[in-house]
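These notes are about the structure you will find just below.
The values are calculated or read from the model by the stated rules, or taken from the named source; none is laboratory data. Because the structure is a prediction, the values reported are computed rather than measured. Backbone-built Cβ (ideal geometry, glycine too); neighbour counts: all protein chains shown.
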Amino acid sequence: MDAPCVIRLLSRSVAQTSAAAACVARHLGPGDVVALTGELGAGKTRFVEGACRALGYGGRVRSPSYTLLNIYRASLTVHHLDLYRWEAAGAELEAAEWEELMDGSGVVFVEWAERLGPRLPPRAVRVLLEHAGEQERRLRIEVPSGRADGLARALAELAEASVAEGPA
């Protein structure tokens, strides 16, 4: 398997983080998974909100920290998981349910995705968000080699146009 394409962006605002999320969202289809990692307050939920807006969802996007899963009806159904408290809730979703979510007709955004371990599908787009200042965030977006054409190209163009540190 070829190495993934990695794009690095420097976001100076929530709006720029949302623009990166929208770029990713425009290249998603049924069954796609976006794995989000980063410390508390890094912008994972804001990233999901930006993606939801790009997919046509106009309602409130909240972190499902206590409920584990929120569902948003958009042009594609968005399943928004937050695994921050998953150790306590881990038994709630069995392997079959994970597979159904990950291979369903919607898209799945998983906050604290590192907690999924081997259950995270290799086809997932991986997004790391890191604090780089009060409002600034560093984004590292890893696109699997099989998806590198459209999404990686669009992210590279976004990086060149606005918030770039540049491709890795």
Q | Residue identified as over 13 Å from L128 (Cα atoms) and not acidic (D, E) among G43, G38, G29 | A | G29
Q: Specify which of the listed residues (R62, R126) is buried (at least 19 other Cβ atoms within 10 Å of the Cβ) and either modelled with pLDDT of 75 or more or not in a loop (DSSP other than H, G, I, E, B) (or both).
A: R126
Q.
Given the criterion more than 17 Å from S13 (Cα to Cα), surrounded by fewer than 19 Cβ atoms within 10 Å (Cβ to Cβ) and at pLDDT 75 or above, identify the matching residue among E114, E134.
A. E114
Q) Do we have L151 as touching a His at 6+ places or on another chain (Cβ under 6 Å) and either farther than 16 Å from E39 by Cα or modelled with pLDDT under 90 (or both) here? A) yes
Q | Enumeration of residues in region 1-57 that are of a type in the set (S, T, N, Q) and either assigned to a strand (DSSP E or B) or surrounded by fewer than 17 Cβ atoms within 10 Å (Cβ to Cβ) (or both) | A | S11, S13, T37
